[in-house]
Amino acid sequence: MKYVIIGAGVAGVEAAKTIRQKDNTGEILMISKDTDVHSRCMLHKFIAGERDEQGLDFTEKDFFENYRIDWKKGVQVTAVCPDEKEIALDNGEKISYDKLLLAGGADSFIPPVGELRKASNVYGLRNLSDAQAIVKEADLAENVLIIGSGLVGLDAAYGLLERGKKITIVEMVDRILPVQLDKYAANAYQALFEKAGVRFVLGRKASEAVCEADGKIHKVTLDNGEEIPCDLLIVAAGVRSSIACLEGSGIECDRGVTVDNCLKTSKADIYAAGDITGLSGIWPNAANQGKIAGANMCGGTEEYNDTYAIKNTINFFGLVTLCVGRILEEEGDQIQIKEDKSQYKRVIVKDGKVQGILLQGDISHAGTWQYLIKNKIDISSIQKNIFDINYADFYQVAENGEYQWMS
């Protein structure tokens with residue numbers, strides 16, 4: 001059996017490990033445009049100079065040798081041909097497969113504003129190659145403009161602060177981290193970044209950017225006419241699944257590759273996992289998808305059902321925040337808040353069930369909240385302060401002395 005995996009991110013790596021554990025003799029080939037295995041969650045540490053390429057590698061020592069995985073790196077997949085059961089590479093090579101995993105991730109989206117897509121000093125921050133290019137450009141830059149204040153934008157700013165750059169962040173919404181946090185929690189981080197020297201321009205969009213004679217953009221005009229000088233631009237305005245190579249393949253796609261509960265695509269013997277599916281943009285979910293896809297490529301029937309929303313832990317300047325479930329308020333929600341000098345907690349309840357929790361400062365008991373949200377537990381019968389709820393409220397001692405779930 002020949003297993004081919006497109007992508008060397010966490011989904012592809014976990015799939016390869018699972019395949020080898022279940023099939024000791026099959027051939028495993030990993031193909032990637034990346035030349036180094038790396039954690040994109042740690043790219044800001046590379047920008048800051050805290051880690052080198054090897055320090056971003058999340059695999060164990062001698063991973064490819066120990067799991068007997070062949071790795072064809074630095075090449076791009078240009079076409080997937082399900083009928084022929086082969087893929088084409090940009091070096092002209094064609095690779096056959098018995099089972100194929102699409103785990104190529106996602107790419108930064110550069111919006112069609114002015115000449116952003118044309119300029120040589122405009123970058124996304126998605127892969128190690130992006131971070132390497134940013135570091136090289138930063139050596140020549142003084143003023144940095146970041147478009148977008150989500151996690152990627154703030155990661156870039158956090159890393160570049162270590163290099164002594166003057167940073168401006170433009171965000172079209174009226175607060176930073178608009179997908180992850182409410183205004184109160186976002187303001188706490190904004191204050192910390194501003195104290196470190198970052199300037200924020202909120203509620204504004206970039207409207208014009210023109211390349212000068214050197215092929216670079218040196219100022220961006222906002223929709224209110226303000227001009228912001230810049231030598232380096234980082235666009236953190238979202239991502240798009242890497243599905244260009246699937247054009248003409250017949251593999252069903254929407255915003256990402258469409259998969260069923262077993263992570264199968266619409267074509268036989270082809271699976272997908274990680275960001276390319278659009279199911280989840282966080283590391284643990286991508287890893288889990290890779291494991292499940294790898295098991296099913298070996299004949300398993302495992303299902304991926306972990307589709308409830310969960311956000312990454314956020315940690316800037318020592319302030320930790322954890323968001324689980326839905327953060328944005330909807331009609332009919334009940335909002336409860338607890339705050340003091342050391343913590344801020346905000347819970348959303350609807351129809352007796354916890355929809356989302358935001359914990360800032362003190363993230364203890366996060367597992368309880370995650371369990372309640374994931375399993376849609378009805379808490380309406382519990383007569384106590386919602387922030388005092390714990391696992392003990394859902395179990396009772398049975399006649400045999402063991403704990404059992406209270407139905």
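The values are calculated or read from the model by the stated rules, or taken from the named source; none is laboratory data. A quick note: this is a predicted structure, and the numbers were derived from the prediction, not measured. Neighbour counts run over all protein chains shown; Cβ positions are idealised from the backbone, glycine included.
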Practice problem: Confirm whether residue 1 is out of contact with any strand residue (DSSP E or B) (no Cβ under 6 Å at 6 or more places or on another chain), free of Cβ contacts under 8 Å to residues at least 40 places away in the same chain and hydrophobic (A, V, I, L, M, F, W, C). | Solution: no
Exercise. Among what's in the stretch 66-117 and is basic (Lys, Arg) and either crowded, with 20+ Cβ neighbours inside 10 Å or not assigned by TED's automatic domain parsing to the domain that holds residue 6 (or both), pick the residue that is farthest from residue 22 (Cα to Cα).
Key: 117
Quiz item: Of (1) closer than 30 Å to residue 272 by Cβ; (2) at pLDDT 80 or above, residue 316 satisfies all except one. Which?
Solution: (1)
Practice problem: Show the residue pairs that are 6+ apart or on different chains and have beta-carbon atoms under 6 Å apart, the first residue being within the stretch 207-220 and of a type in the set (D, E, K, R), the second being assigned to a loop (DSSP other than H, G, I, E, B) and surrounded by 19 or more Cβ atoms within 10 Å (Cβ to Cβ). | Solution: 216/119; 216/121
Quiz prompt | Residue in the stretch 231-251 that is surrounded by the fewest Cβ atoms within 10 Å (Cβ to Cβ), counting only those that are closer than 17 Å to residue 149 by Cα and in contact with a strand residue (DSSP E or B) (Cβ under 7 Å, 6 or more places away or on another chain) | solution = 239
Quiz item: Can you tell me which residue in the stretch 120-162 is farthest from residue 276 (Cα to Cα), limited to those that are of a type in the set (D, E, K, R) and in contact (Cβ under 8 Å) with a residue 60 or more places away in the chain?
Solution: 142
Quiz item: Across the stretch 5-42, what is the total count of residues that are part of a helix (DSSP H, G or I) and closer than 19 Å to residue 241 by Cβ?
Solution: 8
Practice problem: Go through the residues of the stretch 5-28 one by one and say whether even a single one is buried (at least 18 other Cβ atoms within 10 Å of the Cβ), touching a residue at least 24 places away in the same chain (Cβ under 8 Å), among the hydroxyl-bearing types (Ser, Thr, Tyr) and farther than 30 Å from residue 157 by Cβ. | Solution: yes
Quiz prompt | Top-ranked residue of the stretch 301-335 - restricted to ones that are surrounded by fewer than 15 Cβ atoms within 10 Å (Cβ to Cβ) and closer than 27 Å to residue 24 by Cβ, ranked as farthest from the chain's Cα centre (by Cα) | solution = 301
Quiz item: Taking residue 236 and the conditions (1) more than 26 Å from the chain's Cα centre (by Cα); (2) over 22 Å from residue 77 (Cβ atoms); (3) in contact (Cβ under 8 Å) with a residue 60 or more places away in the chain, which numbered condition does it fall short on, given that it satisfies the others?
Solution: (1)
Practice problem: Search the stretch 141-155 for residues being more than 14 Å from the chain's Cα centre (by Cα) and closer than 19 Å to residue 116 by Cβ, and hand back the single one that is surrounded by the fewest Cβ atoms within 10 Å (Cβ to Cβ). | Solution: 143
Practice problem: Determine if the stretch 44-55 includes at least one residue that is touching a strand residue (DSSP E or B) at 6+ places or on another chain (Cβ under 8 Å), assigned to a loop (DSSP other than H, G, I, E, B) and either on the phi > 0 side of the Ramachandran plot or modelled with pLDDT of 95 or more (or both). | Solution: no
Quiz item: Which ones in the stretch 56-74 are in contact with a helix residue (DSSP H, G or I) (Cβ under 7 Å, 6 or more places away or on another chain) and not in a loop (DSSP other than H, G, I, E, B)?
Solution: 56, 69, 71
Quiz item: Which of the residues that make up the stretch 253-279 are within 19 Å of the chain's Cα centre (by Cα) and in a loop (DSSP other than H, G, I, E, B)?
Solution: 254, 255, 256, 258, 259, 263, 273, 278, 279
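Yes/no per residue for (1) under 28 Å from residue 156 (Cβ atoms); (2) of a type in the set (A, V, I, L, M):
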residue	(1), (2)
263	no, yes
277	yes, no
294	no, no
315	yes, no
318	yes, no
Self-check item: Residue list for the stretch 298-353, restricted to those being in a loop (DSSP other than H, G, I, E, B) and touching a strand residue (DSSP E or B) at 6+ places or on another chain (Cβ under 7 Å)
Solution: 308, 309, 311, 313, 326, 327, 329, 332, 333, 352
Exercise. Scan the stretch 163-185 and report the pairs whose first residue is at positive phi and whose second residue is small (Gly, Ala, Ser) and modelled with pLDDT of 95 or more, with Cβ atoms within less than 6 Å and a gap of 6+ or a chain change.
Key: 177/186
Practice problem: Look through the stretch 217-255, keep the residues that are in contact with a helix residue (DSSP H, G or I) (Cβ under 7 Å, 6 or more places away or on another chain) and of a type in the set (Ser, Thr, Tyr), and return whichever of them is farthest from residue 280 (Cα to Cα). | Solution: 242
